[in-house]
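A short write-up of the structure that comes next.
The values are calculated or read from the model by the stated rules, or taken from the named source; none is laboratory data. Quick caveat: nothing in here was measured; it's all calculated off a predicted structure. Positions of Cβ are backbone-derived with ideal geometry, glycine not excepted, and every protein chain shown enters the neighbour counts. Side chains are part of the model used for accessible areas, which takes the heavy atoms of the whole protein and leaves out ligands, DNA and RNA. Shrake-Rupley method; radii C 1.70, N 1.55, O 1.52, S 1.80 Å.
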Amino acid sequence: MKISMEVFEGKALKNFRYEDLMKLDRKQLMELFFELDAPAMSEMRGEYRAVLLDSGYVINIFLAKLYLHFTWGDWQHKAFEPLGETHGHGYNTFVTTQPKLYENYFVAVFMKIISIVCSLFRLSNPHRLARIMLNKTSIVSSVFDGRPSFQLSYRDYNTFYTNTMTDEVRKVNDNLFLGIGRLTVTFGKLNPMPFVLIGPPDPWVGPDIEYKDR
């Protein structure tokens, strides 16, 4: 089917909802991504609900569950604050019972195991929303098609292997954004992992850990 900037799979993009993206497989999601435009830096402000879409291979689904649900807790949002016309920063949110959530993956896994043991003895803390996993945002040329994308880079604020992660985001409509994540350790752009950001966003709160370059 021919794709246009206004219509995909027979439905107007302005009417697309989260449920419509959930019906698409990874190939269709990539086709849609190629037809979308990047949002303006100033447009991306606040905490957007974030949900994984079809990642293709079973191993990708396993890694996503391990990375975004087991290690830190259930993934909830990607948040953004513009700092200029072409750059900004952001973070992710996770639901956790841990009083402090470490961004270092290996420490985070160790602490998760401890929290599971504590829960067996009913020593868990109340659930809370942790704001961690910082990133820098910018408008760049996409590695997928060379056109502008809203990029999230985790290299400067995180340790291995989170620091090998880069996301690109394009706009479906005013309250829906299609993201494509990639990790160098899982073959980068050859193995894209789609996700969706859902608005309207909640207000920007700021991360639990301060940006080290501010």
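The figures follow:
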quantity: Above-threshold pairs, the threshold being 21 Å between Cα atoms, out of Lys78/Lys100; Lys23/Lys136; Lys14/Lys189; Lys136/Lys189; Lys27/Lys189; Lys11/Lys189; calculated: Lys23/Lys136; Lys14/Lys189; Lys11/Lys189
quantity: With every protein chain in place, the range 1-102: carbon and sulfur % of accessible area (1.4 Å); calculated: 56
quantity: Burial ranking of peptide ranges 162-173, 199-210 (average Cβ count within 10 Å, highest at the top); calculated: 162-173, 199-210
quantity: Theoretical FRET efficiency, 1/(1+(r/R0)^6), r = Cβ-Cβ of Val140 and Phe110, R0 41 Å, to 0.05; calculated: 0.75
quantity: Straight-distance crosslink candidates among aspartates and glutamates, where the alpha carbon sits under 12 Å from Lys171 and sequence neighbours closer than 8 are dropped; calculated: Glu6, Glu35, Asp37, Glu43
quantity: Within the range 7-78, trypsin sites (Lys or Arg not before Pro) in DSSP loop having at most 10 other beta-carbon neighbours inside 10 Å; calculated: Lys23
quantity: Alpha carbon Rg of the range 81-214, scaled by the compact-globule rule 2.2 N^0.38 Å; calculated: 1.16
quantity: The range 191-213-the range 122-167 distance, computed between alpha-carbon centres (Å); calculated: 8
quantity: Cα gyration tensor category, rounded, prolate or oblate, for the range 1-82 with a/c compared to 1.5; calculated: oblate
quantity: Per residue value of the accessible surface for the chain (all protein chains in place, 1.4 Å probe), Å²; calculated: 51
quantity: The range 156-213 - percent of accessible surface contributed by carbon and sulfur, probe 1.4 Å; calculated: 58
quantity: Charge dipole magnitude, Cβ of K and R +1, D and E -1 - the range 57-214, Cα centre, debye nearest 20; calculated: 360
